[in-house]
1. Quick check on region 141-296: take the gyration tensor over C-alpha atoms, sort the square-rooted eigenvalues as a ≥ b ≥ c, and tell me if it's rounded (a/c under 1.5), prolate or oblate.
2. When the Kirkwood hydrodynamic radius is evaluated over all pairs of different C-alpha atoms of region 103-201, what value in angstrom, to one decimal, is obtained?
3. So, in nm, how far is label residue 125 from label residue 177 when the simple model puts each one 7 Å beyond its Cα toward the Cβ?
4. Apply 1/(1 + (r/R0)^6) to the Cβ-Cβ distance of residue 100 and residue 247, taking R0 = 30 Å, and write down the FRET efficiency to the nearest 0.05.
5. Mind jotting down the distance between the C-alpha centroids of region 159-230 and region 234-282, whole Å?
6. Mark the label point 7 Å from the Cα of residue 225 along Cα→Cβ and return the residues of region 164-184 whose backbone N is within less than 16 Å of it.
7. Provide the packing ranking of 51-64, 94-107, i.e. peptides ordered by the mean count of other C-beta atoms within 10 Å per residue, highest first.
């Protein structure tokens with residue numbers, strides 16, 4: 001696992017004679033925040049959070065690029081109601097440029113679909129990796145923050161992306177199976193990550209107290225058994241508006257920005273930028289939404 005991560009970092013960051021990097025480009029690379037958003041199991045709302053977090057960051061004036069690295073699932077496409085004609089690995093074809101694979105959506109969000117077969121990237125020869133690196137380098141000129149939406153679980157490629165990122169956001173829900181799988185990700189990360197920077201997002205909670213209790217369970221386990229401190233970035237309330245937005249293939253922050261879940265994700269973006277603790281109350285509207293299961 002460590003060798004795979006090392007190869008991936010070299011592919012992204014190495015400065016070989018065949019890939020000269022200007023001082024301007026090097027500075028741009030250094031200033032971009034690369035954040036991997038992951039989960040221990042599927043179905044916890046990871047991609048939904050990634051897409052809406054990107055919109056919240058963009059609304060704050062940041063240039064954000066989302067890379068859909070959830071192999072073959074194209075969930076970002078679905079949530080945005082968009083279609084990708086070319087994918088990340090099409091960049092190894094000489095005639096394909098970065099502009100060809102970046103999708104500009106009607107929601108003002110730019111993203112790159114990983115498509116299927118990303119696992120083949122580690123099997124490419126040196127020339128193909130150099131070409132891929134050269135083209136991806138220009139992402140730094142288009143974004144201040146790059147969000148990488150990984151697949152769920154502990155697959156080789158999921159861990160490769162997690163270990164290569166500067167920051168990791170681990171999404172979980174209060175369900176026991178979700179917590180167990182989240183801990184498994186934390187354990188693998190604690191073993192293989194050279195620089196540890198992992199934070200929790202507790203999704204689908206009914207109250208702030210519940211999110212704190214869930215976070216504390218994982219934090220205590222990480223401290224006791226993994227000897228790794230883990231912070232909690234924040235939480236997202238259970239909200240029926242999320243499902244409605246998915247069905248409409250419209251990001252929640254654009255469809256219903258005043259709902260409880262949308263306000264939480266907006267607060268997560270603020271916490272991500274400022275480092276301050278997030279504070280969001282469900283409010284009366286959120287209470288009614290949850291009790292009566294419809295949007296008021």
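1. Working: a/c = 1.90, a/b = 1.50, b/c = 1.27.
Cα axes put region 141-296 in the prolate bin.
2. Details: mean 1/r = 0.0639 Å⁻¹.
The answer is 15.6 Å.
3. The modelled label-to-label distance comes out at 4.5 nm.
4. On the way: r = 30 Å, r/R0 = 1.01.
E between residue 100 and residue 247, to the nearest 0.05, is 0.50.
5. Computed from Cα coordinates, the inter-centre distance equals 20 Å.
6. 176-184
7. Values: 51-64: 21.7, 94-107: 14.6.
Packing proxy ranking, top to bottom: 51-64, 94-107.
Taken together, the values in this text are just the output of simple stated rules run on the coordinates, not laboratory data. None of these values were measured; they are calculated from a predicted model. Every residue, glycine as well, gets a Cβ built from its backbone with ideal geometry; the counts of neighbours run over all protein chains shown.
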